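A.B. asks: Once you've had a glance at the structure underneath, I'll fire off some questions.
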Amino acid sequence: MPSADAPEHPDFHGPPKPTHHISDGKPNPFYAAHAQRIAQLREVCVVGFFGQRSELLEEAEWKSLPFMLRFFVLTDAGLSDPDGAMQRNWREYPQAERHAIRATLRAWARELGSLGSLTL
């Protein structure tokens, strides 16, 4: 039961206020050192969790797909020349094509995930 004389908090405890910009436009070396250290820690965490960088995992998964399945994915994703695209590595696709391929694979995973009787 709350007491009648609960302390009042005059400060607003909402989202933090944005930091002020440095007037000379030069980055603060204190924050730059922290940003560099955070980037190193992020790299260590990604390698520790996944075993390797996610781009390498994407490359390995793309290479592990059967040739015909890759062809169907590229065709369904709307690539104009799937025959030429079949020979490319994952990182050789432009960003827009990679997004289209990912969207196609996510849609297939949703649709095929509901199959039960056909997969027995």
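The values are calculated or read from the model by the stated rules, or taken from the named source; none is laboratory data. This structure is a prediction, so every number in the text was calculated from the model and none was measured. Cβ: placed from backbone, ideal geometry, glycine included. Neighbour counts: every protein chain shown. Accessible surface is based on the protein model in full, side chains and every heavy atom, while ligands, DNA and RNA are left aside. Shrake-Rupley method; radii C 1.70, N 1.55, O 1.52, S 1.80 Å.
A.B. asks: Accessible surface of Leu118 in the full protein assembly, 1.4 angstrom probe, to the nearest 10 Å²?
C.D. replies: Probe radius 1.4 Å; accessible area of Leu118 about 140 Å².
A.B. asks: Something else: Filter the trypsin sites (Lys or Arg not before Pro) in segment 29-120 down to the DSSP loop ones having no more than 15 other Cβ atoms within 10 Å, then list what survives.
C.D. replies: Arg53, Arg88
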